[in-house]
Every structure is written in structure tokens, then in C-alpha cells.
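The following block contains the structure, expressed as C-alpha cells.
The values are calculated or read from the model by the stated rules, or taken from the named source; none is laboratory data. This one's a predicted model, so the numbers in the text were calculated from it and none came from an experiment. Cβ placement follows ideal geometry from the backbone for every residue including glycine, while neighbour counts extend to all protein chains displayed. Heads up: the accessible areas ignore ligands, DNA and RNA and are worked out on the full protein's heavy atoms, side chains in. Shrake-Rupley method; radii C 1.70, N 1.55, O 1.52, S 1.80 Å.
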Amino acid sequence: MARERATFADRHPGSRAAYQRSDHLFGRVPMTWMNKTAGDFPVYLATARGNRIVDVDGNEFVDFALGDTGAMAGHSPAPVVAAVTERVQRGLATMMPTEDAAVAGAELARRFGLPAWSFALTATDANRWAIRLLRAVTGRPKILVNSYCYHGSVDESLIVVGPDGRGASREGNVGAPVDVTLTSRVAEFNDLEGLERELAHGDVAAVLMEPALTNIGIVLPDDGYLAGVRELTRRHGTYLINDETHTFSAGPGGATAFWGLEPDVLTIGKAIGGGVPVGAYGLSAELADALSGRGDLDLVDMGGVGGTLAGNPVSMAATRATLQEVLTDAAFATMIETASAFADGLIRIIEGYGLPWSVSRLGARVEYRFASPAPRNGTESAATANAELEDFLHLYLANRGVLLTPFHNMALMCPETSLADVARHHEIFDAALKELT
Ligand code: PMP
């Protein structure tokens, strides 16, 4: 690790200098997460195109991080650049609709099966607003999530199943407004009994979940689990929100279309804007009608749903172009084929060294965990984390021109990711394991 740290420092003098010049940034970075890096400072971006990044020192990387899914469409895809460039010159922040939004909404409806769409700037906000709407419509106070989920900086979601089996604040939760058990319930992923026990209290407005966990490794659903969730939520009068921000990797209609799911609300963000900030939520016809009929809810001013720049012309032009021209059915077919090759190769290498690790894939997204068989819920998966080993692998790869997401052992394919890029990753990964073992 010391050798890799030294190599990193040698390869990145410009990034180090830039970091040292950032005295007036909190933590020296524009956003505190950018300090999550295996080196002693972050790599500074010069340019990014497709699945290639060049840093300020001229180092080129094959990028499997893709902005933690923000760039699943590839960096600066040409149709998005063209649409945004054209739009940017004709008004940025007017709080007036443009017709791109209706086209994007129709495309989201076609893909995900929900008819009524609204836009935010982040997936976090899409989740926050969906939660508010479902609290309002049910009159119930609580939201249920899965232990070790991630849905953005949403207060209600920062809850885990504690050692005694009851809900507890997630470690490190910053400045919770109230004890999270007042607003939330929690169940393990793949645990229908636990879910039923919690829903039976009758106070849960909505279950907010990813159809597969993707922020604590990839935890895939057991056969019948998602159907069971739908049946239980219906039986207990609880709405179901599928957060497809990451599981969109499963295909053009995300996990919802891939597994034939029927959520009442779907939230998404990141990739649908091709890198331009956007979030969105889609409502069932029944919910849209129920909400429109509620004169007591202030949906057009300061009632707590919406934002000044949400639905802005640039986000809408970018979303339309991304959905219509970049993350198409054909693009997903290629991305998923590449990801399959990535996963197969990874399994072969890991098996070659006899390591008790597992590989999970969800469409275009592949991740390995330091446990086999693959963990079945968030708590099990969290217990297999090994920060030192993760840092070593990230740094070893970065020093040889390959980027993985700092938060994961995750590799995501974009339309430009090639089999040669996969082979390059695997060659370096193999060399890292050879040294380790
Ligand atoms: N939902 C999921 C499933 C996510 O993974 C994330 C971010 N990692 C979010 C929501 C929040 O996205 P953002 O940070 O863009 O608001």
C-alpha cells in the first residue's frame, strides 16, 4: 500500500497542487464526498469523453466508475452535448415549461409503465418529494426502507436493523432532525417476514426500496421476494416506491421492466440526464388523480414539493436526448453484453486464486464482494466490507489507468465500454491479486 501511495503521489503532482490551493473549500473539495479517495488527495479532472477520463497531469483512465452512475450514458455523449449546447443559448432559468419535458415524460412512461411524471434536480429530491406526496395521500407518518439502503440524503432512509433486530440510526448519520425511528421503519432486504411484521403496525405510508440493493454491493432479490413485497404492501395499504437510480442498469426500463414490477411510484435520477442534473418521479394514474383532487395540498407554491430550477430547459433537453438517442434499447444490449463478459472474466480470475469472493451483476453493473456465497441482505453485505483491501485494489487499478467507483467495487459499462477495456481491467486486477496472494 505504501508503494502504491507513493506511485499515486508521483503520478499526480498537478492534482496534489490543485488540492493544496483549495484553502477556501470545506475539506478542500467542492463537495465533501470527493475526499473519498484511496490516494492522499483526489484526482482532478481535465476532460472526460465516452469512457475515458484525462486528469490535469495528463494521465488517461478507462472509467468504470462513470460518476457513480451519473455518466452511465458515457461522458459528454454527443447527442446530449448538441441538445444542451443548442438549448443553453436560449434561456436557462425561466421557470417556464419547454416541450422537451413532455417528450421525456412520455418516454419515461413508456419505459417504466407509470403515466404521470414530474422532475427534480437530484434523485434525492425525487425521493423526498415522493415521500411527502405519499404521506399526504395516506395520512400515515412512516416510511419503510431496507437496512443499508441508500436513497440519497433523505432523512427517513438513514436507518438500519440494529443488533437487537430493531430499527436504529445508521452510523455516522449527520444531524438527524429527530430520532429516525419516529419517521421510519426498516426491514432486511429479502426478508418478507420482517417486512410483514413492520407493515402490520399500519403506520407505513410507503416502502421505498431499490429492486436490488446497489449501494452495499449488489444484493439481488431472491426468487419471489419482489412479488412478496408487492403483495404485502397492497395488503397493508402501503404504497411502493421503486428507486431506480442505480437499478436502471438492468435495462431500458430498469429493474421494473426487467422483472415486470408494478410500483405505485418510481424515482430516478443521475443517468437519465446524461450527466446534466435531473431527477424524476413517476406516479400511477390513481395516485396522480388522488393528489390532484386534494385542494388542501399546496403543490404550486411552498408546500414542500418542487424546486425553483427543477424541470429547467437544460435538464429537460438533456433528458430527452439521453433517453431518445443515447441510452436506447440497442445501447443497453451492448452494455449488458460487455458487463456479462466483465463478470465472467472476474469470476474466472477470483476462482483462479481460490478466493472466497462473489460477483453479482445487474444488467450493465457488476460488483464483487469479499464473501461467498453473495450476501442476501444489507447487514450481511456490510459485514463483508474491508476498507483496506478495497483501497488497495482501487489504488492499484488507478495507478495503472483504471477507475472504479470510490464507494464500491463496482464496474459500470457505458455504451463506449469495449471488451478491450474489460480485458485491460482484468489484466491489472489479476496482477493485483497475484501480488496479494
Ligand atoms: N437513490 C439511489 C439508489 C442512489 O444510489 C443515489 C445516489 N447514490 C440516490 C438515490 C441519490 O442520488 P443523488 O445523490 O444524485 O441525489
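Is it the case that some residue within the range 18-37 is in contact with a strand residue (DSSP E or B) (Cβ under 9 Å, 6 or more places away or on another chain) and closer than 22 Å to Phe407 by Cα?
No: the range 18-37 contains no residue that is in contact with a strand residue (DSSP E or B) (Cβ under 9 Å, 6 or more places away or on another chain) and closer than 22 Å to Phe407 by Cα.
Take the conditions more than 28 Å from Ser358 (Cβ to Cβ), among the hydrophobic types (A, V, I, L, M, F, W, C), away from the ligand (no atom under 11 Å from the Cβ) and open to solvent by less than 10 Å² (accessible area, probe 1.4 Å) and apply them to Ala250. Does it pass?
no
For the range 58-79, state whether one or more residues are over 24 Å from Met335 (Cα atoms) and either touching a strand residue (DSSP E or B) at 6+ places or on another chain (Cβ under 8 Å) or buried (at least 21 other Cβ atoms within 10 Å of the Cβ) (or both).
Within the range 58-79, one or more residues are over 24 Å from Met335 (Cα atoms) and either touching a strand residue (DSSP E or B) at 6+ places or on another chain (Cβ under 8 Å) or buried (at least 21 other Cβ atoms within 10 Å of the Cβ) (or both).
Now a separate question. Working carefully through the options Thr181, Thr245, find the one that is within 12 Å of the ligand (Cβ to nearest atom) and either closer than 25 Å to Ser381 by Cβ or of a type in the set (A, V, I, L, M) (or both).
Just a single option satisfies the conditions, and that option is Thr245.
Could you tell me which of the residues Val174, Val154, Val145 is within 16 Å of the ligand (Cβ to nearest atom), open to solvent by 40 Å² or more (accessible area, probe 1.4 Å), on the phi < 0 side of the Ramachandran plot and within 23 Å of the chain's Cα centre (by Cα)?
Exactly one residue qualifies, and that residue is Val174.
In the range 274-296, which residues are within 16 Å of the ligand (Cβ to nearest atom) and touching a Pro at 6+ places or on another chain (Cβ under 6 Å)?
Here is the first cut: in the range 274-296, the residues within 16 Å of the ligand (Cβ to nearest atom) are 274-282.
Residue satisfying the conditions is Gly274 alone.
Can you say whether Ala310 is in a helix (DSSP H, G or I) and either in contact (Cβ under 8 Å) with a residue 40 or more places away in the chain or among the small types (Gly, Ala, Ser) (or both), as far as the supplied structure shows?
On the way: in a helix (DSSP H, G or I): no; either in contact (Cβ under 8 Å) with a residue 40 or more places away in the chain or among the small types (Gly, Ala, Ser) (or both): yes.
Judged against the criteria, Ala310 is not a match.
Please tell me if Gly139 is of a type in the set (Gly, Ala, Ser) and away from the ligand (no atom under 16 Å from the Cβ).
Taking the combined requirement at face value, the residue satisfies it.
For the range 363-398, give me each residue that is more than 19 Å from the chain's Cα centre (by Cα) and among the hydrophobic types (A, V, I, L, M, F, W, C).
Hits for the range 363-398 are Phe370, Ala371, Ala374, Ala383, Ala387, Leu389, Phe392, Leu393, Leu395, Leu397, Ala398.
Could you please give the count of residues in the range 1-49 that are open to solvent by less than 60 Å² (accessible area, probe 1.4 Å) and in contact with a Pro (Cβ under 8 Å, 6 or more places away or on another chain)?
Adding up the residues that qualify gives 6.
Which one is surrounded by the most Cβ atoms within 10 Å (Cβ to Cβ), of the residues in the range 93-108 that are in contact with a helix residue (DSSP H, G or I) (Cβ under 8 Å, 6 or more places away or on another chain) and of a type in the set (Asp, Glu)?
Looking at the filtered set, the residue picked out is Asp100.
Here's something else I'd like to know. Taking the condition touching a helix residue (DSSP H, G or I) at 6+ places or on another chain (Cβ under 9 Å), within 16 Å of the ligand (Cβ to nearest atom) and open to solvent by 10 Å² or more (accessible area, probe 1.4 Å), does Ala271 pass?
Details: touching a helix residue (DSSP H, G or I) at 6+ places or on another chain (Cβ under 9 Å): yes; within 16 Å of the ligand (Cβ to nearest atom): yes; open to solvent by 10 Å² or more (accessible area, probe 1.4 Å): no.
No: the conditions fail for Ala271.
Would you mind telling me which numbered condition in (1) in contact (Cβ under 8 Å) with a residue 40 or more places away in the chain; (2) away from the ligand (no atom under 16 Å from the Cβ) Arg197 fails?
Of everything listed in (1) in contact (Cβ under 8 Å) with a residue 40 or more places away in the chain; (2) away from the ligand (no atom under 16 Å from the Cβ), Arg197 misses just condition (1).
Per-residue answers, yes or no, for (1) open to solvent by less than 10 Å² (accessible area, probe 1.4 Å); (2) within 16 Å of the ligand (Cβ to nearest atom):
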{"site": "Leu192", "(1), (2)": "no, no"}
{"site": "His201", "(1), (2)": "no, no"}
{"site": "Val204", "(1), (2)": "yes, no"}
{"site": "Val207", "(1), (2)": "yes, yes"}
{"site": "Leu213", "(1), (2)": "yes, yes"}
{"site": "Ala227", "(1), (2)": "no, no"}
{"site": "Thr233", "(1), (2)": "yes, no"}
{"site": "Gly237", "(1), (2)": "no, no"}
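Still on this structure, please answer the following. Here is a list: Leu299, Leu309. Which entry is within 16 Å of the ligand (Cβ to nearest atom), over 30 Å from Ile216 (Cα atoms) and of a type in the set (A, V, I, L, M, F, W, C)?
Residue meeting the stated conditions: Leu309.
Conditions tested, residue by residue: (1) in a helix (DSSP H, G or I); (2) at pLDDT below 95.
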{"position": "Cys149", "(1), (2)": "no, no"}
{"position": "Pro163", "(1), (2)": "no, yes"}
{"position": "Val174", "(1), (2)": "no, no"}
{"position": "Val178", "(1), (2)": "no, no"}
{"position": "Arg197", "(1), (2)": "yes, no"}
{"position": "His201", "(1), (2)": "no, no"}
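Mind listing just one residue for me: the one in the range 299-326 that is of a type outside the set (Asp, Glu) and farther than 30 Å from Arg132 by Cα and, of those, surrounded by the fewest Cβ atoms within 10 Å (Cβ to Cβ)?
Once the filter is applied, the top-ranked residue is Gln324.
Quick one: which of Arg111, Arg132, Arg90 is basic (Lys, Arg), open to solvent by 60 Å² or more (accessible area, probe 1.4 Å), more than 16 Å from the ligand (Cβ to nearest atom) and closer than 29 Å to Ala71 by Cα?
One residue alone meets the criteria, Arg90.
I've got another one for you. Between a residue in the range 230-245 that is under 12 Å from Val204 (Cα atoms) and any residue that is away from the ligand (no atom under 16 Å from the Cβ) and of a type in the set (Val, Ile, Thr), which pairs come within a Cβ distance under 6 Å, given they are 6 or more apart or on different chains?
Thr238/Val204; Leu240/Thr233
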